[in-house]
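The structure appears right after this line, and notes come after that.
The values are calculated or read from the model by the stated rules, or taken from the named source; none is laboratory data. Everything numeric in this text was worked out from a predicted model, so none of it was measured. Note that we place each Cβ from the backbone using ideal geometry, even for glycine, and neighbour counts take in every protein chain shown.
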Amino acid sequence: MAAKLQAQAPPRWIKQGIACEFLTNHEPQITKHQSFDYLIQPHPKPHYKLLITDMDSTMIEQECIDELADFVGKKAHVSAITERAMNGELDFAEALTERVALLAGLPEAVLQQCFDERITLMPGARELVSHMKRSGAHTVLVSGGFTFFTSRVRAALGMDEDFSNTLEIKDGKLTGNVTPPILGKEAKLATLEAKCQELGISKDEVLAIGDGANDLPMLLAAGLGIAYHAKPTVRAQAKAQLNHSDLNAVILGAA
């Protein structure tokens, strides 16, 4: 917890000992292995006008494809692939194609069952979206997951838009294919850039959140890109990270 700080203002704590913010034009000197999350922002900090965020393990607590795989008895196998893909060890599109192929024959009705029984919002997700919308921000869910889930999570959170992949379904069953093109890291970055142009804002006015390697280009392009309980390769490169606190901590950074 101890740290020598050279900030222009005292840290603001969203939860004492858990997460705080420094407003400064100089890099604070903070111990390398501190047990709290901290965010360094320019002074004065920008007003974020776009929230663009990943879904799985970010706005929800699960990886949807892993939960679907449980219905065919292959969760452990699929989860291992997911972990490697999210850490950047596997090509995202190839890993997604391989995992979805294992779902071939799964009844379409299982998608709703999975959503109803397995999917829960990340703590602080609803509060964060509400805060951003009250401040006038546009909110976008962009995921390498599936439209069936992103559309429902977007509605549950009151977000403005969602972009993701589509599972191919024929005769009431999953075919094991994803309708091309596959939305991966390039598409996430392209969505950020397109929304900035559409809204007439700069990338400095974007708040982005994600946990996987396919989120990195988006996180690095945003004015504030937060690696949320992220994979090691993402934490190593992102501008900011949350490892201890939930999404309520992001509200402080956006306020």
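On the given criteria, is Lys173 modelled with pLDDT of 95 or more and closer than 30 Å to Ala240 by Cα?
Working: modelled with pLDDT of 95 or more: yes; closer than 30 Å to Ala240 by Cα: no.
Taking the combined requirement at face value, the residue does not satisfy it.
Thr147 fails exactly one of the following numbered conditions: (1) touching a residue at least 40 places away in the same chain (Cβ under 8 Å); (2) surrounded by 16 or more Cβ atoms within 10 Å (Cβ to Cβ); (3) polar (S, T, N, Q). What is the number of that condition?
(1) is the only condition that Thr147 fails.
Quick one: would you say Ala69 is surrounded by 19 or more Cβ atoms within 10 Å (Cβ to Cβ), under 21 Å from Leu224 (Cα atoms) and at pLDDT 95 or above? Reasoning before the result, please.
Numbers: surrounded by 19 or more Cβ atoms within 10 Å (Cβ to Cβ): yes; under 21 Å from Leu224 (Cα atoms): no; at pLDDT 95 or above: yes.
So Ala69 does not fit the description; no.
Just to be sure, is Leu128 touching a Leu at 6+ places or on another chain (Cβ under 6 Å), assigned to a loop (DSSP other than H, G, I, E, B) and in contact (Cβ under 8 Å) with a residue 12 or more places away in the chain? Show your work before the answer.
On the way: touching a Leu at 6+ places or on another chain (Cβ under 6 Å): yes; assigned to a loop (DSSP other than H, G, I, E, B): no; in contact (Cβ under 8 Å) with a residue 12 or more places away in the chain: yes.
Criteria not met by Leu128.
Which condition does Asp171 not pass, out of (1) on the phi > 0 side of the Ramachandran plot; (2) buried (at least 16 other Cβ atoms within 10 Å of the Cβ), if it passes all the others?
(2)
From Val140, Val72, Val178, grab the single residue that is part of a strand (DSSP E or B) and over 20 Å from the mean Cα position of the chain (by Cα).
Val178
Can you say whether Val129 is more than 19 Å from Lys185 (Cα to Cα), over 18 Å from the mean Cα position of the chain (by Cα) and buried (at least 18 other Cβ atoms within 10 Å of the Cβ), as far as the supplied structure shows?
No.
Give the residues of region 88-102 that are in a loop (DSSP other than H, G, I, E, B) and either under 17 Å from Cys64 (Cα atoms) or aliphatic (A, V, I, L, M) (or both), sorted by residue number.
Step one: of region 88-102, the residues in a loop (DSSP other than H, G, I, E, B) are 88-91, 102.
Passing the criteria: Leu90, Leu102.
What are the pairs with Cβ atoms under 6 angstrom where one residue, in region 199-216, is touching a residue at least 12 places away in the same chain (Cβ under 8 Å) and the other, located anywhere, is acidic (Asp, Glu)? Sequence gap at least six, or different chains.
Gly210/Asp54; Asp215/Asp54
I'd like to check something: does region 218-235 contain any residue that is free of Cβ contacts under 8 Å to residues at least 60 places away in the same chain, in contact with a Leu (Cβ under 7 Å, 6 or more places away or on another chain), of a type outside the set (Val, Ile, Thr) and surrounded by fewer than 22 Cβ atoms within 10 Å (Cβ to Cβ)?
Scanning region 218-235, I find at least one residue that is free of Cβ contacts under 8 Å to residues at least 60 places away in the same chain, in contact with a Leu (Cβ under 7 Å, 6 or more places away or on another chain), of a type outside the set (Val, Ile, Thr) and surrounded by fewer than 22 Cβ atoms within 10 Å (Cβ to Cβ), so the answer is yes.
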